[in-house]
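Here the structure comes first, spelled out in structure tokens, and everything after it is commentary.
The values are calculated or read from the model by the stated rules, or taken from the named source; none is laboratory data. In this text the structure is predicted, and so the values were computed from the model without any measurement. Don't worry about glycine lacking a Cβ; one is built from the backbone with ideal geometry, like all the others, and counts go over all protein chains shown. Protein only, heavy atoms only, side chains kept; ligands, DNA and RNA dropped before computing areas. Shrake-Rupley method; radii C 1.70, N 1.55, O 1.52, S 1.80 Å.
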Amino acid sequence: MFWIVAAAITALVTLPILAPIRRAGGGLGSGSEPAAAYDLRVYRDQLTEVERDLERGVIQPEDAVRLRTEIGRKVLEADRRLSQAAPATGRGGTVWAAAVLGIMLAGGIALYLREGVPGAPDMPLAERFAAADAA
């Protein structure tokens, strides 16, 4: 029974520790992209909308030129931010975190086997008090 509870607690502690690493893009199926990549897609869509509005006659050609210039500046800024973004580290962060957790788990088991008494029978609380009083 002890080992089941210990394994459950270990799993419950492991998940919150690994969650930020996964969210940061360092592991296991992370599909996140930098904000600048999303911004580039939005700006390209805006350029397409400007062309569409110009064809429909919703905006004047001078306004279209001004809008293209503004969106172009934003595209250049987003592209600069995207190129300066740190490259993804792959799964290295998750692997290290899992290795540290594994080492801690193995150390806990080794400490229990060395200092604890794995084969000792359960001792009710009343017997513990009696043993403490006798000692």
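For this structure, a couple of remarks:
- The alpha carbons of the range 32-86 give a radius of gyration and a Dmax of 12.9, 43 Å, in that order.
- Listed residues VAL100, VAL50 arranged by accessible area, highest first, probe 1.4 Å: VAL100, VAL50
- Of [x] 1.86; [y] 1.12; [z] 2.11, the label for Cα Rg over 2.2 N^0.38 Å derived from the coordinates: [z]
- Annotation: peptides 52-65, 108-121, 71-84, ranked by per-residue average of other Cβ atoms within 10 Å with the highest first, follow the order 71-84, 52-65, 108-121.
- The chain - charge dipole about Cα centre, Lys and Arg +1 at Cβ, Asp and Glu -1, debye rounded to 20: 320
- Summed over qualifying helices (DSSP H, 4 residues or more, each -39500 (n - 2.57)) and divided by its residue number, the chain shows a 222 nm mean residue ellipticity of -25500 deg cm²/dmol.
- Surface per residue (accessible, 1.4 Å probe) for the chain, Å²: 76
- Percent accessible area from carbon and sulfur atoms, the chain, protein chains only, probe 1.4 Å: 64
- Axis angle, to the nearest 10 degrees, between helix 125-134 and the longest C-alpha principal axis of the chain: 60 degrees.
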